[in-house]
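Following: one structure in structure tokens, then a few remarks.
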Amino acid sequence: MVTDIRKIIESFKDRKGAIIPALQAVQEAQGYISPESLVTIEDVLGISRNEAYGVATFYSQFRFSKPGEHEVKVCLGTACHVKGGAAIMDIIEDDLGVKAGGTTPDGKFTLERVACMGCCAVAPVIVVDDEIHGKMAPGTAKEIVDRTVSKGVSE
Amino acid sequence: MTARIDGKDYDIIEGETILDIARRNDIYIPTLCNHPDLSAFGGCRLCLVKVEGFRAFVPACATPVQDDMVIETTEEDLDDLRRRILQLILSEHPSACIICADREECLDLHPDPTKAGRVTGCRFCPNRNECDLFDVVKALGVDDIWVETEYKDVPLYRRDPFIHRDYNLCILCGRCVRVCAEIRGVSAIAFTERSHDATIGTAFQGPLVDSSCVFCGACEDVCPTGSISSKMTRWVSIPEVTGKSTCVMCPAGCAMDVGFKWGRMTITEPSEEGENVAQACLKGRYCTVPLTNSKDRLEYPRVTTDGVLRPVKWETALETAVEGLKGFAPEEIGMIVSPSLTVEEAFLAQRIMRGLGSDNIAIASNMAGPMQKAWGGAMDRVAGIGTMTDIRDCDAVLIVGTDLSLTAAVTQVHVHAAWKDGASVFNVKIDPRKGYRHADVIEPDAYGPFMDILLEEVKAPGQQPHTPDRDAAGRIASALKDADKTAILVGPGAFRDAAEGTQVAKLALELFEAVNGTVLLPLWDGGNVQGVLEAGASRCLTPGQCIEQDSGKYSSGRNPLGEGIKALYLTHPVPEIPEGVEFVVYQGPFGSQVSERADVILPSSMFSETEGTVISLDGRVGSITSDARLPNMAKPDWKVFIDMGRALGLDGFDFEAVADITEAVGLPLEPGTHLPPGEPLPEGDRAVRVDDAVNPVGPWPCSATRYRGREIAEDVEDFLEVAASWGWDE
Amino acid sequence: MTDFDVLKAEADKVWDDLQSTDGVVYLGTASCGIAAGIGEVKRETERWMAENGADLRLSEVGCIGTCCFEPLVSIQVHGNPPVAYGPVEGRTMGGLLDSIITHKRYPTEALLGSIGDAFGDVPSIWDHPVTATQKRIITENNGIIDPVELEHYISQGGFEGLKKALAMTPDEVIETVLESGLRGRGGAGFPSGRKWQMCRQNRTDKSYMVCNADEGDPGAFMDRSILEGDPYRLLEGLTTASYAIGADEAYIYARAEYPLAIKRLRIAIAKLEEVGFLGEDIMGSGFSLSIHIKEGAGAFVCGEETALLASIEGKRGMPRPRPPYPAQEGLWGKPTVINNVKSLASVPAIMRLGAEHFASIGSEGTKGTAVFALTGKVKYPGLVEVPMGTTIREIVEGIGGGVPDGGKLKAVQTGGPSGGCIPESMLDLPVDFESLQQAGAIMGSGGMVVMDEETCMVDVARYFISFTQYESCGKCPPCRIGTKKMKDILERICDGNGDPGDIEVLEEIGSTVRMGSLCQLGGTAPNPVLSTIKYFREEYEAHISDGRCPAAVCKPLVTYTIEPDECIGCTLCAKNCPVSCIAGAPKEAHVIDQHQCVKCGMCHSICPKDAVKKTSPGRKEVVE
């Protein structure tokens, strides 16, 4: 796995401003940014690991611990907020037993808040494992999450 | 071109910002994130000024001045805004003392900070006497905070070696990040996180030893608050006496400000002025004081009686030494000269030996002998060419035999300046330590053969079959040839073996000439090797590096640790006393495994306690001053040598003050000036002017982690942690 | 390299073929359509095709703008223009296909209209109140063409503008754009032609063109729609701009939250390189351009141009002071122009139809059209393109259909987190840069959120300042510390712990943040707070002095009670209450235990009889 990460990072050598795409590629491959990957970035791209960490922690996209198997994102953009997005977040937090930004103890679900998916006309919106669902209400949102939970249990 | 500021016209220098022109003309504009040596950040928003034609206020530090610009640095709205911004900053900093009306009186009554686990006000802050934040508060007349205050309550970083970080005091000016990246080329700390959680830190908030920090303390110097302080000096009081001196922990010869209280050295910091551009390294900054104040200093003269070293009076010790030495023929006496002695001290040392009729003198340095052999025959003097500052203008830099982490560490600052301007930097080294991050690192199997290949590739490129070493050499060769100006630095790692060292030194000079180089510098393994050479304290050399080969008087010297030597005068510890040596005089500040075997011990000084002159690796003359009292009965080396000289009945020891000795040395030793560079001789005049007997007596143990033979880690605990993490375990 | 005229002829043929094909189903497949469930509809269509042995062509198009009617499909058959229906669900699609294709009957249920002229009983979609007053220039192709089919775009006049531009000198192109009066559509409204001119004047050896597609304003999706629905339009505009300023490298900075947009852009770029409309020697003109896509990584501040440049350079997105401006010193120190998607998407039409044509639309100070994302409490949310100078009321009530379900319009928020709230009384303001600014709002990038009586304006202020505070880069104290202080105060107020004097403190801090911040994130962050204080001060005062939230939104101040006369005892609420605090036997009135209630609102949303009442009684009354 480590050699794979190294190969991935090497493909960004000699590219200007490559640190962000390199971090994105690392996260794509292993799900998060690990301390080892920053050491490799320092070795290969010559960017100090501290600077690289500084860049990674600036952007919301990057995670620093292994994410859950499933990812649930609740949009809290303006339109979604005005149409009751906060209540949906509350319900799902309660349902999964984890606060936004965290992962359930069994490692199955990560819950995130997103600023805006751009699907404001069908607000409120949630995303479950890259599937976007619009026109949500606390009840229907909970249903979709529960479905994913039970799918996981039976798998 | 002119600009109008507050109603007056001023001339503009091209490329200036509003802040530059204001500073030049003594117009005050408050700043916190700005620092004259660093790039403009434009973050603190205190330097806002009003410029005609701009809708909003602009930051003076980042706005270029234009012809006919009309600027107001003060105005009701603007001043009010500045105060409010400052109050926002203060609202998240423990500010109770900063805005207290009694602050001045309080600090007068309590000049030294009160020790506390956590800084909750100036009373407890190590920065209280030099706080940039307070200076701005005072200048803007802020005496209240109009928003809710909040103590950040973030963890303290107390467990790193040397450096203490308290980000509850941090105002996020970013100076530390910038100095580490722009001046030192390290980037051990960076801005992390975002928004209100933004803070300065390392990757994953790991320890500084893992972040490539070199513990140079540059961050501490530029920090406007007490956020970064050194563990050693946090509670140290304001010095009684301050002075300017030179550091001798390595041959870079950094100009230092030194502080003393009650006769003890309390602090060493880089001076504002000096070729070390206000930078130092962890040895000079953090290790000098603990070493000087070590509990293990030699304090009394001792003489061995009945197998035990007993404390005696100075007269007794000197008498015993004289009697012992006089019992041997001159050719049976040898001296080891410490490269940490001053020029004056080394001069006296060689005068003693030559007075006795012996030329069996060697410097405790792996580099001195091979360099004398290689350069002594090809140049008029064993001396470098060019200065450390000249490195900054070079387009290609080649470093051989070291990684600059603990050897002349400040040189990296100049190398980094060159790199930022587009220079290629190559580091040929065999040790596994990481060193300068931006260098192209080449790890050959051996130095000598590699330098051979490199010279071949410069003179006749691409003729030989490919090997990894040859390809690397080819890369270096083309960069060196393409460059307008080249710097070649040679360090101790290539001199572990004498013969190889001589070869490397010879090839380095030839390479320098082949590429029309600008800088050629030896990164000596000793703080004053250059000075000791100039003082002539080595076989075949006399003061001024003269070699009197023909007379035979000074070329008859032999290896002081070799055959036929029966008496040794040590001013530096040796790994072991050779068999056959019957009498040992040991002079120095610290004991060692061999001092136990000495017949006479003469306790002497560290560089931080003596007076005199030292010469850096690029020929710069530095002066040493001190207000420290030596421990108990120890004396400065120069006084010991005078006493010895007189006791031995030799001529030429009628000195009362160091200045008299300096005069007697007869060299142009004006502090701040440079000695002439080494001058390569024409091809036809080159010869081996020094025979093999000059070859070194080593190998001496690694000098990067030692001072005058003493392991620095024995007196500075943190040093061991740092050195070990860097792989310095020799 | 393909000759333009040859390509145009081919494109026209492809388009004509498509129009005359009998049996095409266009599926609205933009992110909003996907979110609404177009996937289900597509699957159902495929099932229907298999079942009925029908050979239909499926075309995935962008969003035509009427997102309120998604999932949206158009069916083209029997020699008629495509007829749009929406919202269509998977389970109703089969029936719709039966009707139209098999029985040649166009049902009226969910009928939007023909994408073309009216015929028979089918009206034209362009007469629908939602589209009738719009003027589609930038969005004219959205929902009509297949976004990744280059032939479709060319057949609709695409790349004629670039062809004209390449035949002029770069200075002539700049002159044209200057004459058109195009002002930046990212929010600042700086004349685009002047920015290009500055850059060209400063250019020595290199300049860069950058498209800001980091549409971070929550509530805005105009750029997304263009990128997903008509990417070639943006690329044509970007190429034209690059030519004008002498850049041979361009960057599109697209936020990572728009993966479909990025995917379509990549396909489009590859296609253009294939036919020689990108890369070396474009259209044989000698001009070369390569376009790089740089994905954002989740930072709203990277929509600020200097932060965006820092991000492309691989740094933290921390803005830097200006001057020097990017047109003087930008990407890697070289002169750079950064334009918004909508600005660049306006360029092809300007070049193709001429500067005068563009300048003839709009108002005196602001030429051309504006694209708004109309969302919130409005009947017909979606993308709207109108001439500058149209009033807000015309947009919200005329096009948007006003507040649904008998609600009462309270305010319209424009400009996202940098903008302000315009109260109902001021909705006759025309939409242009100057007018909105005078009202304390801004045009911004185009987000327009409609709020009704059930929206708490203090909560809106709290929401926006929390957003900007979270997205602040942290570099300068006014924004980093000031927005945090404002957020803390607003949270206290919304919790019912407001102090007298809080409003004044908010105004003071707001002023410091506004005047002292380094960039416009901080500079405009106080706007929502200050504008809601200006127009809705009484709501703030109710929260502070009475502990009452007039709109019954702020959770700690809201009480849920069940009206016993209206409750039918269905037990749905009790069963779904997360803290099981509702008591009651079946068929009997239920009661909520106020001490246990966590105010999640589940019962309120689930009650089939609306018997759960949401109120904010304030401190004066205590509800048992």
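If you go through region A:105-122 one residue at a time, how many are open to solvent by 10 Å² or more (accessible area, probe 1.4 Å) and either away from every other protein chain (no Cβ under 14 Å) or more than 30 Å from C:Asp214 (Cα to Cα) (or both)?
Count: 5.
When the residues of region C:573-595 are narrowed to those that are within 17 Å of C:Pro556 (Cβ to Cβ) and either of a type in the set (Ser, Thr, Tyr) or touching a Ser or Thr at 6+ places or on another chain (Cβ under 8 Å) (or both), which ends up surrounded by the fewest Cβ atoms within 10 Å (Cβ to Cβ)?
For region C:573-595, the residue satisfying everything is C:Gln594.
I'd like the residue in region B:186-233 that is of a type in the set (D, E, K, R) and not in a helix (DSSP H, G or I) and, out of all such residues, is farthest from the other protein chains (Cβ to nearest Cβ).
Only one residue fits best here, namely B:Lys231.
Step by step: first the residues of region A:123-139, then only those that are outside any strand (DSSP E or B) and open to solvent by 60 Å² or more (accessible area, probe 1.4 Å), then the one that is nearest to the other protein chains (Cβ to nearest Cβ). Which residue is that?
A:Lys135
What are the residues in region B:39-60 that are over 16 Å from B:Leu78 (Cα atoms) and open to solvent by less than 20 Å² (accessible area, probe 1.4 Å), if any?
Within region B:39-60, B:Gly42, B:Gly43 qualify.
Against the conditions (1) in contact with a Gly (Cβ under 6 Å, 6 or more places away or on another chain); (2) buried (at least 24 other Cβ atoms within 10 Å of the Cβ), where does A:His81 fall short? Just the number, please.
The number of the failed condition is (1).
How many residues does region B:570-580 contain that are out of contact with any Gly (no Cβ under 7 Å at 6 or more places or on another chain) and buried (at least 21 other Cβ atoms within 10 Å of the Cβ)?
The total comes to 2.
With respect to B:Pro126, determine if the residue is open to solvent by less than 10 Å² (accessible area, probe 1.4 Å), part of a loop (DSSP other than H, G, I, E, B) and over 26 Å from B:Cys61 (Cα atoms).
Criteria not met by B:Pro126.
For region A:87-99, which residues satisfy the criterion of being over 14 Å from C:Val579 (Cα atoms) and surrounded by fewer than 17 Cβ atoms within 10 Å (Cβ to Cβ)?
A:Lys99
Name every residue in region B:36-60 that is outside any strand (DSSP E or B), closer than 19 Å to B:Ala3 by Cα and more than 8 Å from chain C (Cβ to nearest Cβ), in order of residue number.
Answer for region B:36-60, where residues must be outside any strand (DSSP E or B), closer than 19 Å to B:Ala3 by Cα and more than 8 Å from chain C (Cβ to nearest Cβ): B:Cys47, B:Glu52, B:Gly53, B:Phe54, B:Arg55, B:Ala60.
(1) within 14 Å of chain A (Cβ to nearest Cβ); (2) outside any loop (DSSP other than H, G, I, E, B): which one isn't true of C:Ile101, the others all being true?
Unmet condition: (1).
Among the numbered criteria (1) at pLDDT 95 or above; (2) surrounded by fewer than 24 Cβ atoms within 10 Å (Cβ to Cβ); (3) touching a helix residue (DSSP H, G or I) at 6+ places or on another chain (Cβ under 8 Å), which single criterion is violated by B:Pro330?
Single failed check for B:Pro330: (1).
What single numbered condition from (1) open to solvent by 10 Å² or more (accessible area, probe 1.4 Å); (2) closer than 28 Å to B:Asn34 by Cα; (3) at pLDDT 90 or above fails to hold for B:Gly226?
(1)
So B:Gly384 clears everything in (1) surrounded by 21 or more Cβ atoms within 10 Å (Cβ to Cβ); (2) at pLDDT 95 or above; (3) more than 19 Å from B:Leu533 (Cβ to Cβ) except one condition, right? Which one?
Status for B:Gly384: all satisfied but (3).
From the list B:Thr74, B:Thr63, which residue is free of Cβ contacts under 8 Å to residues at least 60 places away in the same chain and open to solvent by less than 80 Å² (accessible area, probe 1.4 Å)?
Exactly one of B:Thr74, B:Thr63 is free of Cβ contacts under 8 Å to residues at least 60 places away in the same chain and open to solvent by less than 80 Å² (accessible area, probe 1.4 Å), namely B:Thr63.
Looking at region A:26-52 only, could you name the residues that are assigned to a loop (DSSP other than H, G, I, E, B) and out of contact with any His (no Cβ under 9 Å at 6 or more places or on another chain)?
A:Gly31, A:Tyr32, A:Ile33, A:Ser34, A:Ile47, A:Ser48
Among the residues of region C:596-622, which ones are touching a strand residue (DSSP E or B) at 6+ places or on another chain (Cβ under 8 Å), farther than 17 Å from A:Lys142 by Cα and open to solvent by 60 Å² or more (accessible area, probe 1.4 Å)?
C:Lys613, C:Lys614, C:Thr615
Within region C:449-501, can you find the residues that are acidic (Asp, Glu) and within 9 Å of chain B (Cβ to nearest Cβ)?
Of everything in region C:449-501, those that are acidic (Asp, Glu) and within 9 Å of chain B (Cβ to nearest Cβ) turn out to be C:Glu471, C:Asp488.
Considering only region C:6-35, state which residues are within 14 Å of chain A (Cβ to nearest Cβ) and part of a strand (DSSP E or B).
C:Gly28
Cβ contacts < 8 Å: first residue under 13 Å from C:Met426 (Cα atoms), restricted to region C:387-408; second residue of a type in the set (S, T, N, Q), any location; separation 6+ or different chain. Result?
C:Ile392/C:Thr414; C:Glu394/C:Thr133
Please enumerate the residues belonging to region A:56-77 that are facing another protein chain (nearest Cβ under 7 Å), buried (at least 24 other Cβ atoms within 10 Å of the Cβ) and either in contact with a helix residue (DSSP H, G or I) (Cβ under 7 Å, 6 or more places away or on another chain) or outside any helix (DSSP H, G or I) (or both).
A:Gly77
Among the listed residues C:Ile544, C:Ile509, C:Ile533, identify the single one that is more than 14 Å from chain B (Cβ to nearest Cβ), in a helix (DSSP H, G or I) and open to solvent by less than 10 Å² (accessible area, probe 1.4 Å).
Exactly one of C:Ile544, C:Ile509, C:Ile533 is more than 14 Å from chain B (Cβ to nearest Cβ), in a helix (DSSP H, G or I) and open to solvent by less than 10 Å² (accessible area, probe 1.4 Å), namely C:Ile533.
Strands (runs of 3 or more DSSP E) wholly in region B:552-635 with at least 3 residues that are among the aromatic types (Phe, Trp, Tyr) and in the same structural domain as B:Ala317 (by TED's automatic domain parsing) - which ones?
Here the list is empty.
Identify, by number, the condition in (1) more than 14 Å from B:Pro224 (Cβ to Cβ); (2) of a type outside the set (Phe, Trp, Tyr); (3) within 8 Å of another protein chain (Cβ to nearest Cβ) that B:His164 doesn't meet.
Exception for B:His164: condition (3).
I'd like the residue in region A:11-43 that is farther than 15 Å from A:Arg63 by Cα and hydroxyl-bearing (Ser, Thr, Tyr) and, out of all such residues, is nearest to the other protein chains (Cβ to nearest Cβ).
A:Thr40
Which of the helices (runs of 4 or more DSSP H) contained wholly in region C:225-342 include at least 3 residues that are within 14 Å of chain A (Cβ to nearest Cβ), of a type outside the set (Gly, Ala, Ser) and buried (at least 22 other Cβ atoms within 10 Å of the Cβ)?
C:305-312
How many of the residues making up region B:235-272 are touching a residue at least 60 places away in the same chain (Cβ under 8 Å) and part of a strand (DSSP E or B)?
Of the residues in region B:235-272, 11 are touching a residue at least 60 places away in the same chain (Cβ under 8 Å) and part of a strand (DSSP E or B).
For region A:9-25, give me each residue that is over 13 Å from C:Ala297 (Cα atoms), part of a helix (DSSP H, G or I) and open to solvent by less than 20 Å² (accessible area, probe 1.4 Å).
Within region A:9-25, A:Ile9 is the sole residue that qualifies.
The values are calculated or read from the model by the stated rules, or taken from the named source; none is laboratory data. Here the structure is a predicted model, which is why all the values come from computation and not from measurement. So basically every Cβ, Gly included, is an ideal-geometry build from the backbone, and we count neighbours across all protein chains shown. Remember, those area values only see protein heavy atoms, side chains included, never the ligands or the DNA or RNA. Shrake-Rupley method; radii C 1.70, N 1.55, O 1.52, S 1.80 Å.
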